[in-house]
Amino acid sequence: MKMNDANYAWAIEVEDLTVAYADQPVLWDIDLQVPTGVKMAIIGPNGAGKSTLVKAAMGLVKPVAGEVRIFGRSRDGAEGQIAYVPQRSTLSWDFPTDVIDVVTMGTYGRVGWIRRSGTAEKMQAEAALEQVGMTDFARRPIAELSGGQQQRVLLARALVQDAPIYMLDEPFQGVDAPTERAIIEVLNDLAHAGKTIIVVHHDLQTIPEYFDAVLLLNVRAIVSGPVSEVFTEENLRLTFGGRVGVLAASGAGEV
Amino acid sequence: MTPELQIVLIAVVTAVAAALPGTYLVLRRTALVSDAISHAILPGIVVAFLLTHDLNSPILLVAAAATGVLTVFLIEALFRSRLVPEDASIGLVFPALFSIGVILISRYAGDVHLDTDSVLLGELALAPFDQMVIGGVEMGPRALWTMGVILVLNLVMIALAWKELKLATVDPGLAALLGFSPVAIHYSLMAMVSITAVGAFDAVGSILVVALMIAPPATAYLLVDRFAPMLWVGAAVAAACAILGFAIAYALDVSIAGSMAAMCGVLFTAALLLAPRRGLVAQARRRNSQRLDLGVRMLLVHLLHHQETEAEIEECRVPSLHRHLQWAESRTRQVVREAEQRDLVSRVGDLLNATAEGKRLAEVAIVGEPTG
Amino acid sequence: MDLFGDYTLRLVALGSAVLGATSGALGSFAYLRRQSLLGDAVSHAALPGIVLAFMLTGSKVPLVLMLGAGLAGWIGTLAVQLVVRRSRVPYDSALGIVLAVFFGIGLVLLTHLQKQSNAAQAGLESFLFGQAASLLRRDVVTMAVLGTAALVILVLLWKEFKLLSFDPDFAASVGLPVRRLDGLLTLLLVVAIVIGLQTVGVVLMSAMIVAPAAAARQWSQRLAPMVVIAAAVGIFSGVAGSLFSSLIPRLPTGPTIVLVLSAIVVVSLFLAPHRGLLWRSLRRGALRAAPDLDPVLMHLYALSHQHPDDPEHGHSVAVIRTMSPPETNVDAALERLADRGLAQRTAGGSWAPTPIGRREARRIHDREAGEGP
């Protein structure tokens, strides 16, 4: 049951969000408004809290303060609104399964408890594979995939959810040029269809080409907005040039 | 020497001898190798026994040490083949070897002191009855001599290879760079573990060896921060486990080895809870004071962001603060009160304002202490 | 006399089969989640539970003892989690501590019991090494009921457990209650372990969890077949082990089952297709024996080096032909390489090495350069 969320102005609203690990803040008082249908990049140096922000938006970590709203509604009821593409490196790729199976896993939230995924889900998975150009690999064990292939599979898994919002964490990391092009094409198609795309990105060069909006993050939100306005050298220096924001007083070295 | 004193001495010597190599195992995150080795050396001992028919022969020690090293070698071969993950490699090798040992005992040595129960459990209580006799004079329990020698061997080995072992444990990359053969160090450590396990077998059995190798060093790990102290504290804790364990076993008339293992658990739990900085109690206390501190700083950062902006009227009003920050009202009140007490905010009617000091603290919180 | 022997043997075989199936199935998940040694810790931690259950209830009804074992094992897993989450003690040390300390407490309780009555603790001691011969009908019934329940839950929640094991973060993102599922799966593992304690004993139970899964993993690239094969391996080893141990005198059951398992694992490691060691060396041998394949693969490999960012960049057959001696049947060689999974067709009729093909080529290169396999 999809509400007609596409009409709501803001896909994601983050308000006063602070996230801390062991009492060390990794995100400070973040305010962010993601317009529906935008392609937004999140950039910042290492340790800036980019992955944490994604996880907080996904509801995977609990904030110490502030909140996240999805299409104006509380995060808690918003399962299935965001399709997640995690960092490739966090998965164990020697798991015994094949490509089509991984993609079908994207339907598990829809299928519900105990019931098996059926023909409808299988067809959706195959369609998603076709979109990312991996149809020939459907039965390939995932242990045999290259980096670019792995990334495409994870994207297909997200596509199958047909969610209004997509969040991708470093999808272009260590991926070959054709795969990068293929992924961007898919993302553009999604954006054309009115989906909201948020990507944690590491390559500053490609931001003006790939994205409409950008958030510069370094523990706090330095600035966010349209790329043309906000992606300036000054702002970049503010984000990357200064120290990574760490609480000086608490003295704990490790997070 | 009374039998009780003999037993305590054996226990203490065994405990210390085990805790020393155990420290390296804990730090290298290969603690369960001790479990694997202490079980897997069984077939080595049995074969040596069947060949020599002498339970006291030093050949047993050598055979067991060799089997221990073989065990580690097999585990690594399995892991390096990339067919089996590391933890499963351990879980495959030692039960197989142990089973071979048990079957050998059962078939060929069933009626000897080397029975399966004592293998696991040891029998410290019987140790005084097995005296080392030299020239017709009783020189003390054989187990004490054996473990004493092993303890000395371990100490010597650690002293001789101090730098190499420490570096290989704390910084393996650097050690390799400096030309210390990691393989040699690794296998010498494993040999030390095997020999210790064998010596301790007779007295305390395999399970207690594991307890003594892992728990006291882990306890020390919670108490100290540098490497050398960890060794000595670990040894001291191990000795304490031995003495206390024996006391309990004596009082309640139960298994000595089991009591010692249980005491290892008690002391470890005590450290887990009560260690000065890392203990759970200390953590909880610190967390409480930190939470309040963090709350104040979050409040200041929030004020810094929103005061003197258009949204100021809305965001900095005391009553609406708790909604923006998504805090319980009581917490909001507590934090505001603390901030006011520390002169970090001033209140003008309903609106909160960060003072100069408050603003400075907020900026420090975000970007770290300014240099220069 | 004969009938009696047969009856006991049937019971033991049945019990071992139940045990094999559950530990094979649930062990597969533990294996994939890198929890193989957790099984070892849980088995040892169960001992005080067994003894306490007897001490408190005076009953040796298997269900009661298993409940005690399960509770103690479960508490053991919680203790491990607590230590790992709240202190800097590493995971493997936490496992070792729980394993040894709980077991030691169990020993203390056992020897305490020993003083009171010899008969009481005699039955309990069999939990150390297992004494399959002592299995009674009610033991096997209890095992079968618990085992079936565990397997049913596993099958019902199959896809949830699969996703949890593969990608817990994604699972959470689609709304699965990850913490609770994780707890449930661990609980099922504890049940599987508890079922087997009487047959194989505390010390060897961990092998029952690890070995079937390790063997099965070599034969299958997908989860369902892996679990089925693991269960089959478990059943076979259980039954065969019981058989051998009853036929040959002074062969205790637990160790025999473990040896049968270990033999199967070794055979699997060597013989399994696509992964097995024999297969690997055969393939290398076949490459050497087929003089055309080796060079063509090496050409593909060399070409792929021109595009380090793009491992799937293909090159046309024509290019490879120019690199090879004129008599070489490059097309056929490429087809055969594809059959072996060493090369793949890419867009536009071009060819590129697969990741396995690249590894193989590297190995050949190293070998030729004299650096050993």
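The values are calculated or read from the model by the stated rules, or taken from the named source; none is laboratory data. Being a predicted model, the structure only gives us computed values, none of them experimental. We place every Cβ from the backbone using ideal geometry, glycine too, and count neighbours over all the protein chains shown.
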Of the numbered conditions (1) of a type outside the set (S, T, N, Q); (2) within 17 Å of A:G66 (Cβ to Cβ); (3) surrounded by fewer than 17 Cβ atoms within 10 Å (Cβ to Cβ), B:R277 fails exactly one; give the number of that condition.
(2)
Could you count how many residues in region A:196-219 are under 20 Å from A:W28 (Cα atoms) and surrounded by fewer than 21 Cβ atoms within 10 Å (Cβ to Cβ)?
0
Could you list all residues from region A:80-98 that are more than 9 Å from chain C (Cβ to nearest Cβ) and touching a strand residue (DSSP E or B) at 6+ places or on another chain (Cβ under 8 Å)?
A:Q81, A:Q87
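Are any residues in region A:170-222 among the hydrophobic types (A, V, I, L, M, F, W, C) and at positive phi, and if so, which ones?
Hit for region A:170-222 is A:V219, nothing else.
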Filter result (closer than 24 Å to B:A197 by Cβ and among the β-branched types (V, I, T)) within region B:218-247
B:T219, B:V233, B:V237, B:I243
Note on region A:71-94: residues part of a loop (DSSP other than H, G, I, E, B) and surrounded by fewer than 20 Cβ atoms within 10 Å (Cβ to Cβ) are A:G72, A:E79, A:G80, A:Q87, A:L91, A:S92, A:W93, A:D94
Output the number of the condition that C:K60 fails; it satisfies all remaining conditions of (1) over 28 Å from B:A19 (Cα atoms); (2) part of a helix (DSSP H, G or I); (3) more than 10 Å from chain B (Cβ to nearest Cβ).
(2)
Can you find a residue in region B:224-245 that is over 22 Å from C:V89 (Cβ atoms) and touching a residue at least 24 places away in the same chain (Cβ under 8 Å)?
yes
Can you confirm whether region A:109-132 contains a residue that is more than 9 Å from chain C (Cβ to nearest Cβ) and more than 26 Å from C:A224 (Cα to Cα)?
yes
Kindly check whether there is at least one residue in region B:164-184 that is buried (at least 16 other Cβ atoms within 10 Å of the Cβ), under 30 Å from B:R142 (Cα atoms) and not aromatic (F, W, Y).
no
Give region B:173-193 a look and list any residue that's farther than 25 Å from B:A63 by Cα and either assigned to a loop (DSSP other than H, G, I, E, B) or not aliphatic (A, V, I, L, M) (or both), or say none.
B:G173, B:L178, B:G179, B:F180
What are the pairs, 6+ residues apart or on separate chains, where a residue within region B:267-282 that is more than 10 Å from chain C (Cβ to nearest Cβ) has its Cβ under 7 Å from a residue that is acidic (D, E) and assigned to a helix (DSSP H, G or I)?
none
When you go through A:V160, A:V175 one by one, which is the residue that is β-branched (V, I, T) and without any contact (Cβ under 8 Å) to a residue 40 or more places away in the chain?
A:V175
Does A:L155 satisfy being away from chain C (no Cβ under 12 Å), in contact with a strand residue (DSSP E or B) (Cβ under 7 Å, 6 or more places away or on another chain) and either surrounded by 19 or more Cβ atoms within 10 Å (Cβ to Cβ) or not in a helix (DSSP H, G or I) (or both)?
yes
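One line per residue, one yes/no per condition, for (1) buried (at least 24 other Cβ atoms within 10 Å of the Cβ); (2) in the same structural domain as B:A203 (by TED's automatic domain parsing); (3) over 30 Å from C:L32 (Cα atoms):
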{"residue": "B:S38", "(1), (2), (3)": "yes, yes, no"}
{"residue": "B:L42", "(1), (2), (3)": "yes, yes, no"}
{"residue": "B:V46", "(1), (2), (3)": "yes, yes, yes"}
{"residue": "B:I59", "(1), (2), (3)": "no, yes, yes"}
{"residue": "B:A66", "(1), (2), (3)": "no, yes, yes"}
{"residue": "B:V69", "(1), (2), (3)": "no, yes, no"}
{"residue": "B:A77", "(1), (2), (3)": "no, yes, no"}
{"residue": "B:R80", "(1), (2), (3)": "no, yes, no"}
So which residues in region A:95-114 are at pLDDT below 90, in contact with a Leu (Cβ under 8 Å, 6 or more places away or on another chain) and not in a helix (DSSP H, G or I)?
A:W113, A:I114
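Right, C:L269: more than 9 Å from every other protein chain (Cβ to nearest Cβ), at pLDDT below 95 and part of a helix (DSSP H, G or I) or not? Talk me through it step by step, then tell me what you get.
Working: more than 9 Å from every other protein chain (Cβ to nearest Cβ): no; at pLDDT below 95: yes; part of a helix (DSSP H, G or I): yes.
Taking the combined requirement at face value, the residue does not satisfy it.
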Restricted to region C:78-104 and to residues being part of a helix (DSSP H, G or I), more than 25 Å from the chain's Cα centre (by Cα) and surrounded by fewer than 24 Cβ atoms within 10 Å (Cβ to Cβ), the residue farthest from the other protein chains (Cβ to nearest Cβ) is C:R85
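Hey, among B:V47, B:V16, B:V8, which residue is more than 16 Å from B:L165 (Cβ to Cβ), more than 12 Å from chain C (Cβ to nearest Cβ), within 19 Å of the chain's Cα centre (by Cα) and not aromatic (F, W, Y)? Talk me through it step by step, then tell me what you get.
Values: B:V47 fails: within 19 Å of the chain's Cα centre (by Cα); B:V8 fails: within 19 Å of the chain's Cα centre (by Cα).
Being more than 16 Å from B:L165 (Cβ to Cβ), more than 12 Å from chain C (Cβ to nearest Cβ), within 19 Å of the chain's Cα centre (by Cα) and not aromatic (F, W, Y) holds for just one of B:V47, B:V16, B:V8, which is B:V16.
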Are any residues in region A:214-238 of a type in the set (S, T, N, Q), within 14 Å of chain B (Cβ to nearest Cβ) and more than 21 Å from A:I197 (Cβ to Cβ), and if so, which ones?
A:N218
Limited to region A:7-30, what total is found for residues that are more than 18 Å from the chain's Cα centre (by Cα), within 20 Å of A:V223 (Cβ to Cβ) and aromatic (F, W, Y)?
1
Filter pass, A:A65 being more than 21 Å from A:L129 (Cβ to Cβ), more than 17 Å from the chain's Cα centre (by Cα) and aliphatic (A, V, I, L, M):
yes
Filter result for the condition that a residue is more than 15 Å from the chain's Cα centre (by Cα) and within 27 Å of C:V267 (Cα to Cα), over C:V203, C:V174
C:V203
B:V254 fails exactly one of (1) more than 18 Å from the chain's Cα centre (by Cα); (2) in a helix (DSSP H, G or I); (3) in the same structural domain as B:V33 (by TED's automatic domain parsing); (4) not hydroxyl-bearing (S, T, Y), namely (2)
So A:Q173 clears everything in (1) surrounded by fewer than 22 Cβ atoms within 10 Å (Cβ to Cβ); (2) farther than 26 Å from A:A11 by Cα; (3) out of contact with any strand residue (DSSP E or B) (no Cβ under 7 Å at 6 or more places or on another chain) except one condition, right? Which one?
(2)
